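Everything below concerns the one structure shown next.
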Amino acid sequence: MPFEHYYQTFLNTNPYPRELKNYELAEDHTSPMYLNYCGKKLINFSSSDYLGLAKHPLLIARSQQYAQTLGVGSASSRLVSGNFSHYDVLEKKIASAMGKPAALILGAGYQANTSVLEALFDPSVLKSKPLVFCDRLCHSSLLATTRFLADLKRFHHNDLSHLNLLLEKHTQDDRPKFIIIESIYSMDGDQVNFNALIAIAKKHNAFLYVDDAHAVGVYGKSGYGKAADYAADIDIIMGTFSKGLGSFGAYITCSEMMRDYLINKCKGLIYSTGISPAILGAMDAALELIPQMQIERQRVADYATRFRHYLHKNNLNYGHSDTHIVPWIIGDAKKTIKISELLQENGILGATIRPPSVPNGKSRIRFCLTAAHSEEDVAQLLDVIDKITR
Ligand SMILES: Cc1ncc(COP(=O)(O)O)c(C=O)c1O
């Protein structure tokens, strides 16, 4: 292979090698959160299936029904012939659920963020390079195209006074200004203060783009996400179907005009095959179930509170998490990997997060509490941490 030595050198010198591990669902199927790995049963605390919808009978049945009638592939881009009328129905449901005039379904959340932001920042449309103010801990998908197209200013994580300060510094700059944030941060599990953020965006006439990926299903008056409760003051809300909504894919909600613009400009929509009809069925079922899942949302919140209390009582650092995503911040990457192995030996799977996903010295094990865990699962998590920290 030409140039092989470049890639091999990277692999040889990469301090944090990654590998794909093969997990199986536990054979007894007693819980969607039980996995088998190398013959060992693990309780999965690294799942983003926050409500346990990935294996919900209604999502499976509707997915099968859509596949039965439409097939498993949509066979072309939505702009060609892949736009089944089911899209239109679903997008209207999403827009109304999330309180915005229009919605657009895209492929994976990563694809949605990269391609929607690429379209938004198109210099030939804006006539200049926009100023983009982005939280320092924003997800990789929010930065991937942004860093090449925008004059990027990153503010300290969740520090709105720093955001305001950076915007103040540019009051004389008449280039378009955008703010990009997540409603709940995926690695830290902390939340943005929407009232303060919206006031800042309005004061500086900045466009507000919110990634609600980790909130949809779990937060909001009807469970449709945190941002949905502030929809009127947010220009674009992006969310995923791949986490709390149990399947795959993403949506954005916005104005009718913005939807039309993206249909004409967003390469992730124009040049990509429409998602599988089987997935559209699962999306439809999840949207229907979400408002009725208050008990599950309360269970997630109760488990998370219990876990955070435990960490606090034992002087274990969980940063500023106040959601169902709770990191145990250990610091040193090697130590974090060791602890993660000990957890696994004792039947607990948490997500080991190290640089470059988080800054040096901030390695952690990230736990997600879900409605599909049982009281006993959470008790076992605390017992195992007790045992290995003793
Ligand atoms: C904040 C955020 N946005 C977007 C994504 C990408 O979503 P998807 O997994 O559907 O590609 C993720 C995934 O981890 C995320 O955490």
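Can you find a residue that is more than 30 Å from Ser363 (Cα to Cα), within 18 Å of the chain's Cα centre (by Cα) and not small (Gly, Ala, Ser) anywhere in region 252-271?
yes
Got a sec? Which of Leu137, Leu142, Leu104, Leu117 is within 16 Å of the ligand (Cβ to nearest atom), assigned by TED's automatic domain parsing to the domain that holds Met238, part of a loop (DSSP other than H, G, I, E, B) and within 25 Å of Ala206 (Cα to Cα)?
Leu137
Which of the residues that make up region 234-271 are among the hydrophobic types (A, V, I, L, M, F, W, C) and within 16 Å of the ligand (Cβ to nearest atom)?
Ile234, Ile236, Ile237, Met238, Phe241, Leu245, Phe248, Ala250, Ile252, Cys266, Leu269
Determine if region 336-349 includes at least one residue that is under 20 Å from the mean Cα position of the chain (by Cα) and of a type outside the set (Gly, Ala, Ser).
Yes, region 336-349 has at least one match.
Test of understanding: among Ser63, Ser31, Ser46, which residue is at pLDDT 95 or above, surrounded by 15 or more Cβ atoms within 10 Å (Cβ to Cβ) and in a loop (DSSP other than H, G, I, E, B)? Please lay out each step first, then the result.
Values: Ser63 fails: in a loop (DSSP other than H, G, I, E, B); Ser31 fails: at pLDDT 95 or above.
Of Ser63, Ser31, Ser46, the one residue that is at pLDDT 95 or above, surrounded by 15 or more Cβ atoms within 10 Å (Cβ to Cβ) and in a loop (DSSP other than H, G, I, E, B) is Ser46.
Examine region 156-165 for a residue that is away from the ligand (no atom under 16 Å from the Cβ), touching a residue at least 24 places away in the same chain (Cβ under 8 Å) and not in a helix (DSSP H, G or I), and state whether such a residue exists.
No, there is no match, as no residue in region 156-165 is away from the ligand (no atom under 16 Å from the Cβ), touching a residue at least 24 places away in the same chain (Cβ under 8 Å) and not in a helix (DSSP H, G or I).
Can you list the helices (runs of 4 or more DSSP H) found entirely within region 264-324 that contain at least 2 residues being farther than 20 Å from Gln111 by Cβ?
Correct list: 277-289, 294-313.
Determine which single condition Asn264 fails, assuming it passes every other condition in (1) over 25 Å from Ala201 (Cβ atoms); (2) touching a residue at least 24 places away in the same chain (Cβ under 8 Å); (3) among the polar types (S, T, N, Q).
Just one mismatch for Asn264, condition (2).
Looking at Lys41, Lys93, can you tell me which residue is away from the ligand (no atom under 16 Å from the Cβ) and not assigned by TED's automatic domain parsing to the domain that holds Met258?
On the way: Lys93 fails: not assigned by TED's automatic domain parsing to the domain that holds Met258.
Residue meeting the stated conditions: Lys41.
The values are calculated or read from the model by the stated rules, or taken from the named source; none is laboratory data. Quick caveat, the model's predicted, so the values are computed rather than measured. We place every Cβ from the backbone using ideal geometry, glycine too, and count neighbours over all the protein chains shown.
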